[in-house]
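Asks: Right, I'll just put the structure down here and ask away after.
The values are calculated or read from the model by the stated rules, or taken from the named source; none is laboratory data. Predicted, not measured: the structure shown is a model, and the values here were computed from it. Reconstructed Cβ throughout: ideal geometry from the backbone, glycine too, with neighbour counts over all protein chains shown.
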C-alpha cells in the first residue's frame with residue numbers, strides 16, 4: 001500500500 | 001531509490017561521521033549541543049521501531065543501524081566520556097529541548113496518516129526532527145565562533161533534508177499516489193530553520209574563515 005512506500009525512506 | 005535520496009542519505013551519513021570524527025579523534029565536543037544530540041537519538045529510536053518488523057533492503061537496515069548507533073554513541077560520549085564531557089559547554093547549552101518533545105507528541109496524536117502505535121511514533125519522529133536542531137542553532141549564536149568541523153556537521157545535517165525535498169519532488173512526478181504532506185511539510189520546516197545558518201555558512205565558510 002502507499003504507506004509502505006513512505007517507509008522505504010530513512 | 002533516486003540520486004537525490006542517495007545524495008541525501010550520504011550527506012546525512014557524512015554529518016554523523018564528521019561529528020564522530022571530531023568527538024572520537026580530538027576528544028572534543030566544543031560547540032556541539034548535547035540537547036540536539038539527545039533529540040536526534042529520540043528521533044531515530046521512534047522512527048526506526050519497525051527495523052525488526054519490516055525489512056525494506058539491506059541498505060535500509062544498515063543505514064538505520066548506523067544512525068541509531070551513531071546518535072546514541074554521541075550522546076554517550078558527550079555525557080559519560082571524561083575527556084569529551086569536559087569540553088561540553090553545559091552553561092551555554094540550555095535550550096529547554098524537552099519542551100519540544102511534548103508538542104510534537106501531541107501534534108502526532110492529532111495529525112498522522114494512520115492512528116496506529118508505530119505510525120504515531122513515526123510521525124512524532126518527523127515533527128521532532130524538524131525542530132531538533134534548535135538547541136544547536138541557539139548554542140551556535142551564543143558561542144559565536146565555532147570550529148570548522150562543527151560548522152561542516154551542521155551544514156551537512158541541514159543539507160540532507162534539503163536533498164530529501166528534491167527526492168520527494170522527483171518521486172511525486174515519477175510515482176503515482178506518492179503524496180505525503182506530513183513528511184513534506186515537516187521536511188520543509190526543518191530545512192527552512194537552517195536558512196540563516198546556510199546564509200552565514202556560505203558568507204564565512206566559503207570565504208575561508210570559520211563560521212561566526
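Asks: Are there any pairs, at least 6 apart or on different chains, whose C-beta atoms fall under 8 Å, with the first in the stretch B:58-77 and free of Cβ contacts under 8 Å to residues at least 12 places away in the same chain and the second buried (at least 17 other Cβ atoms within 10 Å of the Cβ), and if so, which?
Replies: B:60/A:10
Asks: Which ones in the stretch B:50-67 are under 17 Å from the mean Cα position of the chain (by Cα) and surrounded by fewer than 17 Cβ atoms within 10 Å (Cβ to Cβ)?
Replies: Listed by number, the list holds a single entry, B:65.
Asks: Looking at the stretch B:99-114, is at least one residue within 14 Å of another protein chain (Cβ to nearest Cβ) and exposed (fewer than 15 other Cβ atoms within 10 Å of the Cβ)?
Replies: yes
Asks: Can you give me the ranges of the helices (runs of 4 or more DSSP H) entirely in the stretch B:103-212 with at least 3 residues that are at pLDDT below 95?
Replies: Fully inside the stretch B:103-212 and qualifying: B:134-143, B:148-174, B:195-200.
Asks: Here's another thing I want to ask about it. Cβ-Cβ below 6 Å, separation at least six or inter-chain, first residue in the stretch B:1-30 and more than 23 Å from residue B:170 (Cα to Cα), second exposed (fewer than 15 other Cβ atoms within 10 Å of the Cβ): which pairs?
Replies: Once the first residue is more than 23 Å from residue B:170 (Cα to Cα) and sits in the stretch B:1-30, its partners that are exposed (fewer than 15 other Cβ atoms within 10 Å of the Cβ) give B:27/B:83.
Asks: In the set B:124, B:173, which member is closer than 18 Å to residue B:71 by Cβ and away from chain A (no Cβ under 14 Å)?
Replies: Result: B:124 is the single residue among B:124, B:173 that is closer than 18 Å to residue B:71 by Cβ and away from chain A (no Cβ under 14 Å).
Asks: Something else now. Please list, ordered by first then second residue, the pairs with beta carbon atoms under 6 Å, 6 or more apart or interchain, first in the stretch B:161-189 and within 11 Å of residue B:126 (Cβ to Cβ), second at pLDDT below 95 and loosely packed, with under 14 Cβ neighbours inside 10 Å.
Replies: No pair meets every condition.
Asks: Based on this model, can you work out whether residue B:44 counts as surrounded by 20 or more Cβ atoms within 10 Å (Cβ to Cβ) and closer than 25 Å to residue B:118 by Cβ?
Replies: In short, yes.
Asks: Please indicate, with yes or no, whether at least one residue in the stretch B:4-26 is in contact with a strand residue (DSSP E or B) (Cβ under 7 Å, 6 or more places away or on another chain) and within 30 Å of residue B:82 (Cβ to Cβ).
Replies: Within the stretch B:4-26, none of the residues are in contact with a strand residue (DSSP E or B) (Cβ under 7 Å, 6 or more places away or on another chain) and within 30 Å of residue B:82 (Cβ to Cβ).
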